[in-house]
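Down below is the structure, laid out as structure tokens.
The values are calculated or read from the model by the stated rules, or taken from the named source; none is laboratory data. If you're wondering where the values come from, they're calculated on a predicted model, not measured in any experiment. Cβ coordinates were reconstructed from backbone atoms using ideal geometry, including for glycine residues, and neighbour counts include every protein chain displayed.
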């Protein structure tokens, strides 16, 4: 079983991505593909909750897949992302640096999935006013 999961809430226009520990290059590539496929199903301005609490430092090749996923999300209209921060500062920095030049969307960090959802709900509410 893969150590990652992508779900799509079309009503909320939101992708939820959970990245676990020990992802291989192939698993990271599959997660990136799933995110890009999800993005294509949603309207421009959709948002993402990226739960990376258990994500661990990974190889350079896997980081290239992280970058590809970030670029694919941005190119397909993502408006905002909230990262549920990793336990490891090193991991968080490594993930943040991968493809950071592709991040032309709003980006925030949260301590929990619930906090991330609230931040994105508030953003969407403010945008509709």
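Test residue 48 against the stated conditions and say whether it is at pLDDT 85 or above, part of a helix (DSSP H, G or I) and closer than 30 Å to residue 126 by Cα.
For residue 48, the condition - at pLDDT 85 or above, part of a helix (DSSP H, G or I) and closer than 30 Å to residue 126 by Cα - is not met.
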Filtered residue count, segment 67-94, keeping only those that are out of contact with any strand residue (DSSP E or B) (no Cβ under 7 Å at 6 or more places or on another chain) and modelled with pLDDT under 90: 9
Criterion (exposed (fewer than 15 other Cβ atoms within 10 Å of the Cβ), touching a helix residue (DSSP H, G or I) at 6+ places or on another chain (Cβ under 9 Å), in contact (Cβ under 8 Å) with a residue 12 or more places away in the chain and within 23 Å of residue 117 (Cα to Cα)) met by exactly one of 79, 45: 45
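Per-residue answers, yes or no, for (1) over 12 Å from the mean Cα position of the chain (by Cα); (2) in contact (Cβ under 8 Å) with a residue 40 or more places away in the chain:
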residue	(1), (2)
3	yes, no
19	no, no
27	yes, no
31	no, no
51	no, yes
60	yes, no
64	yes, no
67	no, no
71	no, no
Output the number of residues of segment 46-56 satisfying the condition of being in contact with a strand residue (DSSP E or B) (Cβ under 8 Å, 6 or more places away or on another chain) and farther than 21 Å from residue 104 by Cβ. 4
Of the criteria (1) in contact with a helix residue (DSSP H, G or I) (Cβ under 7 Å, 6 or more places away or on another chain); (2) assigned to a strand (DSSP E or B); (3) within 19 Å of residue 105 (Cα to Cα), which one residue 6 fails: (3)
Checked segment 14-45 for anything in contact with a strand residue (DSSP E or B) (Cβ under 8 Å, 6 or more places away or on another chain), closer than 19 Å to residue 84 by Cβ and part of a loop (DSSP other than H, G, I, E, B); matches are 20, 23
Filter result for the condition that a residue is buried (at least 19 other Cβ atoms within 10 Å of the Cβ) and under 12 Å from residue 5 (Cα atoms), over 62, 34: 34
